[in-house]
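A.B. asks: Sharing a structure here in structure tokens format.
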Amino acid sequence: MCAVKIKYGSVVPWGRTFEEYVDMFNLTEADLDKFILGCADGPASFNYTMKEKGKEMISIDPIYHFTKDDILKRISENYQDVINQTKQNKDKFIWTKIKDVEDLGRIRMLAMEKFLADYDLGKQENRYLYAMLPNLPFEDNQFDLALSSHFLFLYSDNLSLKFHIEAIDEMLRVAREVRIFPLLDLNGRKSLYVDKVINNYIEKGYSVDEVTVDYQFQKGGNTMLKIAQKR
């Protein structure tokens, strides 16, 4: 199994909201009642809100190796750079639900503030665990649903097809169903790995669907990949 090493200086925390997760992954009320694993969740507020709603989930990410103060420092150091880059590439995004760059900054900071407020308690409760794909510290079929937001496919230039297959294999080992969003790479193009991954899991006998979702911020980024064990 391959591993991805993380360096503190390369971490750029950027959190998404509970509502975005629901839309990105087409999550129903029945889905939210399942035992969910969030892979590479970073400083998202999904876990925080799930806890508020009395739902059960675990988030994993390499940044959970760091302290709350470490993560806050990285947010402060990188926030303006991310906002500036977004301004320079405004034409690559659809400004509807998120109205403009300032609104994006407000939404992201609100999500990250909720995460930070929950982080220490969540670590004590083992809701935020330091772990990374493709090696997960869980039992077979421990979860009903595993989610990957803005990691797999997005970094196709840096992570090989082999890594993607190993990572998804591991997610399918610990969960009965996997959902991945978006299917675009960092250049806003559909990842060259998507069709190869789809064919791989169809050949292995899984149920595989590319699903249109009610979320599109990157232009063309309104589909997720759903892979499920056949019952």
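The values are calculated or read from the model by the stated rules, or taken from the named source; none is laboratory data. This one's a predicted model, so the numbers in the text were calculated from it and none came from an experiment. Here Cβ is always computed from backbone atoms with ideal geometry, including for glycine, and neighbour counts include all displayed protein chains. All accessible areas refer to the heavy atoms of the entire protein, side chains included, with ligands and DNA or RNA removed. Shrake-Rupley method; radii C 1.70, N 1.55, O 1.52, S 1.80 Å.
A.B. asks: Considering only residues that are surrounded by fewer than 18 Cβ atoms within 10 Å (Cβ to Cβ) and modelled with pLDDT of 95 or more, which ones fall in region 10-22? Explain how you work it out, then say what you get.
C.D. replies: Just the residues of region 10-22 that are surrounded by fewer than 18 Cβ atoms within 10 Å (Cβ to Cβ), to begin with: 10, 12, 14, 19.
Across region 10-22, the qualifying residue is only Glu19.
A.B. asks: Continuing with the same structure: Could we say that Ile107 is among the aliphatic types (A, V, I, L, M) and either open to solvent by less than 20 Å² (accessible area, probe 1.4 Å) or without any contact (Cβ under 8 Å) to a residue 60 or more places away in the chain (or both) here?
C.D. replies: Working: among the aliphatic types (A, V, I, L, M): yes; either open to solvent by less than 20 Å² (accessible area, probe 1.4 Å) or without any contact (Cβ under 8 Å) to a residue 60 or more places away in the chain (or both): no.
Taking the combined requirement at face value, the residue does not satisfy it.
A.B. asks: Which of the residues that make up region 119-154 are in contact with a strand residue (DSSP E or B) (Cβ under 8 Å, 6 or more places away or on another chain) and acidic (Asp, Glu)?
C.D. replies: Asp144
A.B. asks: Here are some residues: Phe115, Phe138. Which one is outside any loop (DSSP other than H, G, I, E, B), among the aromatic types (Phe, Trp, Tyr) and at pLDDT 95 or above? Write out each step before concluding.
C.D. replies: On the way: Phe138 fails: outside any loop (DSSP other than H, G, I, E, B).
Exactly one of Phe115, Phe138 is outside any loop (DSSP other than H, G, I, E, B), among the aromatic types (Phe, Trp, Tyr) and at pLDDT 95 or above, namely Phe115.
A.B. asks: If Ile83 passes every condition in (1) over 18 Å from Leu186 (Cα atoms); (2) assigned to a helix (DSSP H, G or I); (3) touching a Leu at 6+ places or on another chain (Cβ under 9 Å) but one, which one does it miss?
C.D. replies: Failing condition for Ile83: (1).
A.B. asks: Just for region 57-78: of the residues that are open to solvent by 60 Å² or more (accessible area, probe 1.4 Å) and not β-branched (Val, Ile, Thr), which one is nearest to the chain's Cα centre (by Cα)?
C.D. replies: Result: His65.
A.B. asks: Can you tell me which residue in region 118-130 is farthest from Phe217 (Cα to Cα), limited to those that are open to solvent by 80 Å² or more (accessible area, probe 1.4 Å) and touching a residue at least 60 places away in the same chain (Cβ under 8 Å)?
C.D. replies: Step by step, filter region 118-130, then rank; the result is Asn126.
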